[in-house]
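Worksheet: one structure, shown below.
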Amino acid sequence: MIYVEHDWKTVLTAFPSSRYDVEQGVDCHACDHNSAAIFHMMRVAEIGLTRLASERKVKLKKDRPLSHAQWGEIIGAVEKSAAEILRTARAGHEKDLALAFYNSANSHARALKDRYRNAVMHSRREFSTHEAADAISHTKSFMTGLAERLNEKSNRQIRWRF
């Protein structure tokens, strides 16, 4: 899996549990199993989204674990967290970095949810080769962005200096 080792190295280093689904997604795409490729990429993205929510200390109703949350619920909670940073942190470079990080992650997650996740998980339609390639690329971009500051080995919050 030379392609995966090279092109997904940053993601696999930060999120080693994503390896199976990254490999399966890439393989499914190569075999023109487009819905399956997207399915696996949504599992990869969920690993990152869950870690992002954990980093933001997202709490769910009735103390459900993050692994049982709806994507929209998690995305909404992370958006609230970013809005709190916008409202309370003093202006400066670190605030700009924090907002860029969280807002970019949320934009990716919401786009993946609305464009692919809901449709593939609820068997609403089939996908083309182009759409599968886009889902792979978008998922890789989302996860690479998260990997700049997060990984699954640490439960620490990012230490922004504002």
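The values are calculated or read from the model by the stated rules, or taken from the named source; none is laboratory data. Quick caveat: nothing in here was measured; it's all calculated off a predicted structure. No Cβ is skipped: glycine too gets one built from the backbone with ideal geometry, and neighbour counts run over all protein chains shown. Accessible surface is based on the protein model in full, side chains and every heavy atom, while ligands, DNA and RNA are left aside. Shrake-Rupley method; radii C 1.70, N 1.55, O 1.52, S 1.80 Å.
Structure data summary
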| quantity | calculated |
| --- | --- |
| When residues of region 15-26 are limited to those that are part of a helix (DSSP H, G or I) and either open to solvent by less than 10 Å² (accessible area, probe 1.4 Å) or among the aromatic types (Phe, Trp, Tyr) (or both), the one nearest to Leu150 (Cα to Cα) | Ser18 |
| Per-region count, region 84-104, residues hydrophobic (A, V, I, L, M, F, W, C), open to solvent by less than 40 Å² (accessible area, probe 1.4 Å) and within 21 Å of Lys140 (Cα to Cα) | 3 |
| Scope region 131-162; condition without any contact (Cβ under 8 Å) to a residue 24 or more places away in the chain, open to solvent by less than 50 Å² (accessible area, probe 1.4 Å) and either part of a helix (DSSP H, G or I) or among the β-branched types (Val, Ile, Thr) (or both); matching residues | Asp134 |
| Filter result for Gly48 (at pLDDT 95 or above and among the small types (Gly, Ala, Ser)) | yes |
| Selected residue (only one of Ser81, Ser123, Ser107, Ser128 is in contact (Cβ under 8 Å) with a residue 12 or more places away in the chain and open to solvent by 40 Å² or more (accessible area, probe 1.4 Å)) | Ser128 |
| Pick from region 61-78, criterion surrounded by fewer than 18 Cβ atoms within 10 Å (Cβ to Cβ) and under 18 Å from the mean Cα position of the chain (by Cα), ranking: farthest from Asn118 (Cα to Cα) | Pro65 |
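Every residue, every condition in (1) modelled with pLDDT of 95 or more; (2) within 25 Å of Thr10 (Cβ to Cβ); (3) of a type in the set (Gly, Ala, Ser), yes or no:
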position	(1), (2), (3)
Arg90	no, no, no
Leu97	yes, yes, no
Tyr116	yes, yes, no
Arg125	no, no, no
Ala133	yes, yes, yes
Thr144	yes, yes, no
Ala147	yes, yes, yes
Leu150	yes, yes, no
Gln157	no, yes, no
